[in-house]
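The values are calculated or read from the model by the stated rules, or taken from the named source; none is laboratory data. Keep in mind that what you see is a predicted model, and the values were worked out from it rather than measured. As a convention, Cβ positions derive from the backbone with ideal geometry for all residues, glycine included, and neighbour counts pool all protein chains shown. Ligands, DNA and RNA are stripped out before the accessible areas are found, and what is left, the full protein with its side chains, is counted by its heavy atoms. Shrake-Rupley method; radii C 1.70, N 1.55, O 1.52, S 1.80 Å.
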Amino acid sequence: MQASEFPRAVAAAMSIASSRGLAVEDAVVLNDSNKLTLRLLPCDVLARVAPVAHQVAEFEVELAQRLAESGCPVAALEPRVEPRPYERDGFVVTLWTWYEPVAPQEVSPADYAGALERLHAGMRAVDVPTPHFTDRVEQAQRLLADRDRTPALADADRELLGDTLGRLRRVIGERGGAQQLLHGEPHPGNVLTTSNGLLFIDLETCCRGPVEFDLAHAPDEVGEHYPGVDRDLLRECRILVLAMITTWRWDRDDQLPDGRRLGTEWLSRIRAALDHNPLEAHG
């Protein structure tokens, strides 16, 4: 979110929470990306704020409710208010349960895989219209094709990313196999370590595809503990996901701290991965 929007976004969240009877005196910024994430105090509520034009809050709220009812390991909405999106001053706000972090410790790959497997099991029982993972690939391809939005990307790097995205989209699509509802981005930043175990957040990225696409976002060791994984497909999905997130780092509007350095580092990783496992070998 643009820094100029911060004060209005914070004010909108505090005002909405107050109008619903929650005690709000302060807001602590926890994260700023496509959404602004706040901890509202002293009521201890997690607020997620986004411009009205750039959000899918209604979908996320409905899906979170349905998954929670199915016993999936997902963060819950705030129970003291009506579970729905709230709009004010050009922003949409959703209110979620605040989970006190447990003592810092490294999440074991087995626990991570187990939580993701339970999430996937619950998702198989939910029928909601969602984009396909290839739609996410297309978004990255469109960004690459728009030189005005990616002006700092060198031609050789643009060609590498475009070729990787296009060929892996085709190779993975031609594999066939089981597909289902996925989280879309179950990386460590979207996993909470709580006294209730691991909980997944940020469901707005849900899509359909093979479970290997989700596993590609998790640490490599997690895939070793997830049953029934297609190792070749997982390797291809990892390179695909790396190419996607690398492309997003070159967006002129990208706000990830240190994003450009990461984009450069990840380009080197893609080249190394392709040198080790050329795409032609799988196509």
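Rounding to the nearest 10 and keeping the result within 0 to 90°, find how far the Cα-based axis of helix 231-249 lies from the longest principal axis of the chain.
60
Considering the chain as a Gaussian network with a 10 Å cut-off on Cα pairs, which listed residue, LEU262, LEU165, LEU63, attains the greatest mean-square fluctuation?
LEU262
Where nothing but the Cβ of Lys and Arg (+1) and of Asp and Glu (-1) is charged, how large is the charge dipole of region 109-276 around its Cα centre, in debye to the nearest 20?
Dipole magnitude for region 109-276 comes out near 240 debye.
Where does the charge balance sit around ASN190 when Lys and Arg score +1, Asp and Glu -1, over other residues with C-beta under 11 Å from its C-beta?
Within the 11 Å Cβ shell, the charges total -4.
First check a/c for region 152-269, with a ≥ b ≥ c the square roots of the eigenvalues of its C-alpha gyration tensor; if it is under 1.5, answer rounded, and if not, answer prolate when a/b is larger than b/c or oblate otherwise.
It comes out oblate by the Cα gyration axes.
Where nothing but the Cβ of Lys and Arg (+1) and of Asp and Glu (-1) is charged, how large is the charge dipole of the chain around its Cα centre, in debye to the nearest 20?
The calculation lands at about 300 debye.
Helix 155-175 versus the longest principal axis of the chain: what is the Cα-based angle in degrees, 0 to 90, to the nearest 10?
Rounded to the nearest ten degrees, it is 90.
How large, in percent, is the carbon and sulfur part of the accessible surface of the chain at a probe radius of 1.4 Å?
49
Please report the net charge: other residues with Cβ closer than 15 Å to the Cβ of GLU265, K and R +1, D and E -1.
+2
For the chain, report the accessible area per residue in Å² (1.4 Å probe, heavy atoms, rounded to an integer).
Heavy-atom SASA per residue in the chain reads 47 Å².
Would you mind telling me which residue in ALA178, ALA272, ALA17 has the biggest mean-square fluctuation in a Gaussian network model of the chain, where springs connect alpha carbons within a distance under 10 angstrom?
Maximum fluctuation in the GNM of the chain, among the listed residues, is at ALA178.
Springs between alpha-carbon atoms under 10 Å, Gaussian network over the chain: tell me which of VAL74, VAL92, VAL56 tops the mean-square fluctuations.
In the Gaussian network model the winner is VAL56.
Using only Cα atoms and rounding to the nearest 10 degrees, what angle (0 to 90) does helix 259-276 make with the longest principal axis of the chain?
That works out to roughly 30 degrees.
Residue by residue through region 90-97, what is 3J(HN,Hα) from phi via Karplus (6.51 cos²θ - 1.76 cosθ + 1.60, θ = phi - 60°)? Round to whole Hz and write x for glycine and proline.
x, 10, 10, 10, 10, 10, 10, 5
Which ³J(HN,Hα) values, rounded to whole Hz and listed in residue order, are derived for region 6-14 from phi using the Karplus coefficients 6.51, -1.76 and 1.60 in 6.51 cos²θ - 1.76 cosθ + 1.60 with θ = phi - 60°, glycine and proline given as x?
So the Karplus estimates, Gly and Pro as x, are 3, x, 5, 5, 5, 4, 4, 5, 5 Hz.
Can you give the net charge of the other residues whose Cβ lies under 11 Å from the Cβ of ASP220, counting K and R as +1 and D and E as -1?
0
Taking amide H atoms as placed 1.01 Å from N in the peptide plane, list the residues 5 or more away in sequence, or in a different chain, whose amide H sits under 5 Å from that of PHE91.
Here the answer is VAL52, since their amide H atoms fall under 5 Å of that of PHE91.
Give me the distance between the Cα centres of region 128-195 and region 223-247, rounded to whole Å.
12
What does the helix-only formula give at 222 nm for the chain: each DSSP H stretch with n ≥ 4 adding -39500 (n - 2.57), the total divided by the residues, and the result rounded to the nearest 500 deg cm²/dmol?
Taking each H run of at least 4 residues, the total per residue is -13500 deg cm²/dmol.
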